Amino acid sequence: MHGSRVLRGPGGPAVTTSACGCEAPTPAAGQERHTPWWRSPSVLIPASSGLLLVFGLLVEWLSSEAETLAMVLFWSSLLFGASQFVPGALKGLFTRGRLGIGLLMTISATGAVLLGYIEEAAALAFLYSIVEALEDLSMDRAQSGLRSLLGLIPTTATVLAADGAKRTTPVEDLVAGDVLRLAAGERLATDAVVRSGHSSMDVSAITGESIPVEVSPGDDVLAGSINTSGTLDVEATASGTDNSLTTVVELVEQAQTQKGNQARLADRLARPLVPGVLLLATVVALVGWIFGDSELWVQRALVVLVAASPCALAISVPITVVSGIGAASKFGVIIKSGAAFERLGGIRHVALDKTGTLTRNEPTVTVVLTTGDTTRSQVLNWAASLEAHSTHPLAAAITAESTEVLDAQQVTETAGQGISGVLDEVPMSVGNPRWLSPGELAEQVEDFENRGMTMVILHRRRQPVGAIGVRDELRPETSQVITSLTSRGLGVTMLTGDNTRTAEALAHEAGITEVRSQLRPQDKARAVTQLREAGSGPVAMIGDGINDAPALATADIGIAMGATGSDAAVESADVAFTGEDLRRIPQALDHTRRGRQIITQNIVLSLALIIVLLPLAITGVLGLAAVVLVHEIAEVFVILNGLRAARTPSAEHAFTSAESEARPHITAPHRTGPLIA
């Protein structure tokens, strides 16, 4: 099956569609079963076809008197092989008018049978069915259950009545205007706006941002976010079944359905080739019938069908894809389908999420400011002594950076603002600059905030003695990767749900000039579409969170950071990285570009072969046996060429090649091949 893909309609069963036109139910999330290849019918049946073909050839070679047995073996081989693509090809033709490579192979095998060349027809069926099975086997079919996203929405919510009474209501009964009471640690059931209370909301599951967002009356909050401290009263702005999180699911499913209908390159070529070959064969038969020996010209028409057989085309492309996908998996890049392999090689623009993709998704202390005689160590230790009593991610970062955590007394936390206590009988407070004045550090604090840091102020005896800057830092290889991508002529855009100030500061450090910030999941998907429509060419989206899922599904190629990525991101993507090294991006692009070049070479050769053979078949210069021999020689050649895609590039060589290409003033040896070895 070329490029099988799982599609889901909202609320409906999963269905796997393939280029052969087949449809089969897919196990639901959590129920998927992976059958070993040696027990899979999709592999065993083509393999049986090959064994029967080999036994038939042996019987025919060893004994001329066993012709009947050999013929039985050839017919059995033909039926086994053809069963893997003929039903799907015919169903696609008659139900959807679909003209694919499988249909052309069906026509070619039929022509060989009508001419009495059962052995050749069996060989065609076996070769096509086995490479299809190998390609399907090489694809990563891991699906994590997109609708598990909806598990982020609680089943009930606490609703406040007009008289202040509280009642527990099923989430599906919530409507816009309901006032909800959200206690510390609870997850919000639907989109809402804060009416009273101050707190911090953990939105990491929704927007991917690792640092909680401070909220106060009038601020919007999203379904699925967690109230980390304090109690909030919020007014629902959407129903429990139609909010931002359910929208994410619907957007991904719609985008997957649209992308799943995209045809492979070989099938796009087959669309005009199928009717063209049929028309030519019909004309040859009719002309011969009218003006010459009808039997001779009907035979020649059948030979034309076999001569137009896309054997080399049908076999070489999957072989190249299988080789390329297998090689990619060796350096940590899992490509889910042949169609994804082809598209990845043609990417012209890369959009990247910030948190967890360009950054480590681990808030760390990056700067410590002090006043007077206070030392860096004192500021960290005093702050950590209070923060040790908090579950805030910033608290964990500060505590990890300190060298000693003292015993704090009378610790109290003000939701969404900070924490206070007593150390050695001295009052201490740690909080944000809106709650605690930075004093003489104000200018520096503002400067570091402009650089994208979250600043925490420390007060001792109600006077500022220090400030701590925390930020989710870029991965060490980020700048190198961005330089490598731009040197290849690729456009690069950062898409993030984070605030504009932080996004632009980190983008500047990374070397990214185009930034789109404060984006919701649907905004990211819309931005990907806009990049494509703006003439950027095919767009790849790279992300790791639930909020990235719609954009990953909408992009021409979605790439998930597999090691830390959410199930939604991995399922929505066409490609997944098994690690977190961003250098895999240019490495994967170079690898698939080279594979795409090999595919193009094989397609050109295959089509040229058909163009040369057709007039020779029409004029009778070549009979069926000669045509089949030429096809088989060509198949061996393109298979060997396709196996070159199995060579794996190194990340270091990919960077070296890109950097040398990016230096126009340095004379380098003439290049005639691709950038990678």
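Taking the conditions exactly as written (open to solvent by less than 10 Å² (accessible area, probe 1.4 Å) and modelled with pLDDT of 80 or more), does residue 218 satisfy them or not? First the steps, then the outcome.
Details: open to solvent by less than 10 Å² (accessible area, probe 1.4 Å): no; modelled with pLDDT of 80 or more: yes.
It is false that residue 218 is open to solvent by less than 10 Å² (accessible area, probe 1.4 Å) and modelled with pLDDT of 80 or more.
Is one or more of the residues making up the range 478-487 touching a strand residue (DSSP E or B) at 6+ places or on another chain (Cβ under 9 Å), among the aliphatic types (A, V, I, L, M) and not in a helix (DSSP H, G or I)?
No, the range 478-487 has no match at all.
From the set of residues in the range 626-653 that are polar (S, T, N, Q) and at pLDDT below 85, which is nearest to residue 324 (Cα to Cα)? Show your work before the answer.
If we filter the range 626-653 for residues that are polar (S, T, N, Q), which is where we start, we get 641, 648, 650.
Then keep just the ones that are at pLDDT below 85; that gives 648, 650.
Working: 648: 8, 650: 14 Å.
Looking at residues that are polar (S, T, N, Q) and at pLDDT below 85, I get 648.
Name the single residue, out of those in the range 156-185 being within 12 Å of residue 233 (Cα to Cα) and open to solvent by 70 Å² or more (accessible area, probe 1.4 Å), that is modelled with the lowest pLDDT.
166
For the range 385-402, indicate whether the set of residues that are more than 26 Å from residue 463 (Cβ to Cβ) and of a type outside the set (Gly, Ala, Ser) is non-empty.
From the range 385-402, those more than 26 Å from residue 463 (Cβ to Cβ) are 391, 393, 396, 400; that's our starting set.
Then keep just the ones that are of a type outside the set (Gly, Ala, Ser); that gives 391, 393.
For the range 385-402, residues more than 26 Å from residue 463 (Cβ to Cβ) and of a type outside the set (Gly, Ala, Ser): present.
Against the condition in contact with a Leu (Cβ under 6 Å, 6 or more places away or on another chain) and modelled with pLDDT of 85 or more, how does residue 197 come out, does it pass? So that I can check it myself, show each step before the final result.
Working: in contact with a Leu (Cβ under 6 Å, 6 or more places away or on another chain): yes; modelled with pLDDT of 85 or more: yes.
Against the criterion (in contact with a Leu (Cβ under 6 Å, 6 or more places away or on another chain) and modelled with pLDDT of 85 or more), residue 197 qualifies.
Kindly indicate whether any position in the range 606-620 is open to solvent by 10 Å² or more (accessible area, probe 1.4 Å) and in contact with a His (Cβ under 8 Å, 6 or more places away or on another chain).
Yes, the range 606-620 contains at least one residue that is open to solvent by 10 Å² or more (accessible area, probe 1.4 Å) and in contact with a His (Cβ under 8 Å, 6 or more places away or on another chain).
Residue by residue through the range 93-118, note down the ones that are surrounded by fewer than 21 Cβ atoms within 10 Å (Cβ to Cβ) and part of a helix (DSSP H, G or I).
93, 94, 95, 96, 107, 110, 113, 114, 118
Only one residue in 490, 474, 458 is of a type in the set (A, V, I, L, M) and over 41 Å from the mean Cα position of the chain (by Cα). Which one?
458
Evaluate the range 582-599: report whether one residue or more is open to solvent by 10 Å² or more (accessible area, probe 1.4 Å) and over 23 Å from the mean Cα position of the chain (by Cα).
no
Among 260, 240, which is more than 26 Å from residue 414 (Cβ to Cβ), within 31 Å of the chain's Cα centre (by Cα), at pLDDT 80 or above and buried (at least 18 other Cβ atoms within 10 Å of the Cβ)?
Details: 260 fails: at pLDDT 80 or above.
Only one candidate passes the filter, namely 240.
Could you list, in sequence order, all residues of the range 285-311 that are open to solvent by 10 Å² or more (accessible area, probe 1.4 Å) and either of a type in the set (Ser, Thr, Tyr) or assigned to a loop (DSSP other than H, G, I, E, B) (or both)?
292, 293, 294 - these are the residues of the range 285-311 that are open to solvent by 10 Å² or more (accessible area, probe 1.4 Å) and either of a type in the set (Ser, Thr, Tyr) or assigned to a loop (DSSP other than H, G, I, E, B) (or both).
So which residues in the range 546-566 are open to solvent by 10 Å² or more (accessible area, probe 1.4 Å), in contact with a helix residue (DSSP H, G or I) (Cβ under 7 Å, 6 or more places away or on another chain) and either of a type outside the set (A, V, I, L, M, F, W, C) or at pLDDT 90 or above (or both), if there are any at all?
Answer for the range 546-566, where residues must be open to solvent by 10 Å² or more (accessible area, probe 1.4 Å), in contact with a helix residue (DSSP H, G or I) (Cβ under 7 Å, 6 or more places away or on another chain) and either of a type outside the set (A, V, I, L, M, F, W, C) or at pLDDT 90 or above (or both): 554, 556, 562, 564, 566.
Here's the yes/no breakdown for (1) closer than 13 Å to residue 351 by Cα; (2) modelled with pLDDT of 90 or more:
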{"position": "490", "(1), (2)": "yes, yes"}
{"position": "496", "(1), (2)": "yes, no"}
{"position": "501", "(1), (2)": "no, no"}
{"position": "507", "(1), (2)": "yes, yes"}
{"position": "511", "(1), (2)": "no, yes"}
{"position": "514", "(1), (2)": "yes, yes"}
{"position": "520", "(1), (2)": "no, no"}
{"position": "524", "(1), (2)": "yes, yes"}
{"position": "527", "(1), (2)": "yes, yes"}
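Residues of the range 200-215 being within 27 Å of the chain's Cα centre (by Cα) and either modelled with pLDDT of 85 or more or open to solvent by 40 Å² or more (accessible area, probe 1.4 Å) (or both), which ones?
Answer for the range 200-215, where residues must be within 27 Å of the chain's Cα centre (by Cα) and either modelled with pLDDT of 85 or more or open to solvent by 40 Å² or more (accessible area, probe 1.4 Å) (or both): 202, 204.
Of all strands (runs of 3 or more DSSP E) completely enclosed by the range 356-475, which ones contain at least 2 residues that are farther than 29 Å from residue 219 by Cα? Please lay out each step first, then the result.
Working: elements: 359-370, 409-414, 418-423, 426-431, 454-460, 463-474.
Counting at least 2 such residues, we get 359-370, 409-414, 418-423, 426-431, 463-474.
Go through 152, 134 for me and flag whichever is of a type outside the set (Asp, Glu), touching a Leu at 6+ places or on another chain (Cβ under 8 Å) and modelled with pLDDT under 90.
152
The values are calculated or read from the model by the stated rules, or taken from the named source; none is laboratory data. Just so you know, these numbers come straight off a predicted model, no measurement behind them. FYI the Cβ positions are ideal-geometry reconstructions off the backbone, even for glycines, and counts take in every protein chain you see. In case anyone asks, the SASA skips ligands and DNA or RNA and just uses the protein heavy atoms, side chains included. Shrake-Rupley method; radii C 1.70, N 1.55, O 1.52, S 1.80 Å.
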